[in-house]
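The values are calculated or read from the model by the stated rules, or taken from the named source; none is laboratory data. It should be emphasised that the depicted structure is a prediction, and the values quoted were computed from it without experimental measurement. Glycine also receives a Cβ, built like all others from the backbone with ideal geometry; neighbour counts cover every protein chain displayed. For accessibility, only protein heavy atoms count, side chains too; no ligands or nucleic acids. Shrake-Rupley method; radii C 1.70, N 1.55, O 1.52, S 1.80 Å.
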Amino acid sequence: MKENSTYALCIMAGNETDDGVQVLRVLDDHKYELDEEKLRKILLQPSVKDCPVAVVSVAGTYRTGKSFLLDFFLRYCKATPYDRENNKWLGSENETLEGFKWRGGSEKATNGIQLWPEPIHMTLPSGKKVVVILMDTQGTFDSQSTVKDCSTIFALSTLLSSVQIYNIVGNIKEYDLQHLELFTRYGILAQDDNDTPFQVLQFLVRDWMSPYEHPYGVAGGNVLLDKRLEVHENQHPDLRTLREHIRSCFEKVTCFLMPHPGFSIANPTFRGHLADLQPEFKEGLKELVPQIFETYLTQRIINGAELKARDLYDYFKTYTSIFSGNALPEPVTILQATSAVTLVLASRDANETYEKYMDDEFGTDKPSSTTGALKDKHIIAIETATEIFNTKKQLDPEAAQKELTRLREDWAARLLQFIALNKAKVESAINKAKAKYDKIVYR
Ligand code: GDP
Ligand code: MG
């Protein structure tokens, strides 16, 4: 009996089933611990690592329904195309809402970043197939985290995602815009004529209470956003710069006004059943979720290069390391880190191209060839690999040139190895033929 009553006290609204995988953790002393093993398992799994990657992140204040919303994203992603097209993806009325852990009460989950571990494959409107990474964040602007931790989680998720959903409550406040300041400063540095540093930013206003002023959904949201981003003569120059640059740093900035889910959510037995949600909230989900995945979803592009999942892994590691200091990194530091990863990835791709060209014809399991054929192919392999290297835009042309020279030296050395391998193959073939001859003659 006693046990039962303790149990009853512990029941809180929420789901206790699956959960995302915590890949980044904020430790007590405000250090960041990246669980490389877990990250690798998600991003470098065979069916994922070479796929173009799209990252959908939800960030913002603690306990404002971010994980709850992400679980509806999961429902959409897992639904059949038929159910999506026919608006049946939302599920049945009395189904527990599962996936990322969401909960009522005041207990707080571990600060950091969680990813959904199962691969979600989708097709973009362009026809391109991508793997979608759903990213949940914890510790943004909540009462217990320091400003540094809050900003770090927000910054990391923005730097990594192709769609950043900025979850805010009630209205877009000046304070909410100020959190974007780091990105606008970074954006000014990283921007060039062809590329914007970030893809999609959506302000998602939860519990919108003035549908008569601006209607729910994207239509009302964009009117509100235009108002908030208006630039006035009498604004402080910093506020003006911030507003002017938010739009230019992202390919798309949009806003959605979401109704309140209804007061059943406060009930301790609430499990996220659709039956307990207000009809307006369900209508909101039906507009919001397909819009994100059918209209906004896009591959993450950093510095002009379209990322694959394995590239995202490298950026994840590098960005986490530059945020591990005591202060937030300056935009120029982020730019340098981005530039360093871009170069490493260009070099890796070029080298893999060279190796594949040569291996396909002259690898250990291939028959011997002539040295002339080897040298001809080596020249073509270098040309193709150099082209691959040069298609990647480099922020530091001098470092890029140095790296290309180093690669060419490596390839020259590889040619000698291929020649030596070929010689060994020829000798082995001669020896085999000799042995066969001897066997016949001296039998
Ligand atoms: P997170 O910390 O932002 O991830 O918040 P959770 O997803 O864990 O949700 C915290 C609480 O907010 C849960 O009790 C949810 O039922 C509730 N919740 C979910 N969506 C909304 C919403 O749109 N408005 C309000 N007021 N509460 C919500
Ligand atoms: Mg959460």
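Among 41-47, 195-201, how do they line up from the highest to the lowest mean number of other beta-carbon atoms within 10 Å?
Values: 41-47: 15.1, 195-201: 21.0.
Top of the packing list down: 195-201, 41-47.
Using the Cα centre of the range 225-323 as origin and beta-carbon charges of +1 (Lys, Arg) and -1 (Asp, Glu), tell me which of LEU242, LEU288, PHE323 is placed farthest towards the positive end of the dipole.
PHE323
Report the equivalent ellipsoid semi-axes for the chain in whole Å, largest first, defined as the square roots of five times the eigenvalues of the gyration tensor built from alpha carbon atoms.
Equivalent ellipsoid semi-axes, largest first: 50, 28, 20 Å.
Using the eigenvalues of the Cα gyration tensor, what equivalent ellipsoid semi-axes result for the range 224-338 when each is taken as the square root of five times the eigenvalue, whole Å, largest first?
In descending order the semi-axes read 34, 24, 17 Å.
Roll a 1.4 Å probe over the protein chains and send me the accessible area per residue for the chain in Å².
Details: 21670 Å² over 443 residues.
Averaged over the residues of the chain, the accessible area is 49 Å².
A 21 angstrom limit on the alpha carbon distance is what I want to check against. Which of LYS356/LYS402; LYS66/LYS101; LYS377/LYS423; LYS129/LYS356; LYS375/LYS434 exceed it?
The answer is LYS356/LYS402; LYS129/LYS356; LYS375/LYS434.
Test of understanding: given the chain, find the longest segment containing no GluC sites (Glu not before Pro) that are in a DSSP loop and have at most 15 other Cβ atoms within 10 Å.
Working: sites that count: GLU16, GLU93, GLU95, GLU107, GLU213, GLU230, GLU233.
That gives 234-443 as the longest site-free run.
So if I restrict to the alpha-carbon atoms in the range 281-386, what is the Rg, and what is Dmax, the biggest pairwise distance, in Å?
Gyration radius and largest Cα-Cα distance of the range 281-386: 21.5, 71 Å.
Compute, for the chain, the length of the dipole vector about the Cα centre, with Cβ point charges of +1 (Lys, Arg) and -1 (Asp, Glu) only. Units Debye, rounded to 20. Intermediate results must be reported in sequence, preceding the final value.
Working: 53 positive and 62 negative charges, 337 e Å.
Charge dipole, the chain, about its Cα centre: 1620 debye, nearest 20.
Which whole-number percentage describes the relative contact order of the chain, with Cα contacts under 8 Å and a sequence gap of 6 or more?
18
How much length is gained on full extension from ARG247 to GLN401, taking 0.36 nm per residue of separation minus their Cα-Cα distance?
52.1 nm
Just the number, please: carbon plus sulfur as a percent of the accessible area of the chain, 1.4 Å probe, no ligands or DNA/RNA counted.
53
Specify the residue with the greatest mean-square fluctuation among LYS308, LYS129, LYS377, computed from a Gaussian network of the chain linking alpha-carbon atoms under 10 Å apart.
LYS377
What's the angle, to the nearest 10 degrees (0 to 90), between helix 217-228's Cα axis and the longest principal axis of the chain?
Computed tilt is about 90 degrees.
Run the simple label-point estimate for GLU409 and ASP376 please: 7 Å along Cα→C-beta, distance reported in nm.
3.1
Looking only at the chain, where both bridge partners belong to it, what percent of the DSSP beta bridges are antiparallel (to the nearest 5)?
Percentage antiparallel, nearest 5: 45.
Mean residue ellipticity at 222 nm from the helices of the chain, using -39,500 (n - 2.57) per DSSP H segment of n ≥ 4 over the full residue count, to the nearest 500 deg cm²/dmol?
Helices in the chain give a 222 nm mean residue ellipticity of -16000 deg cm²/dmol.
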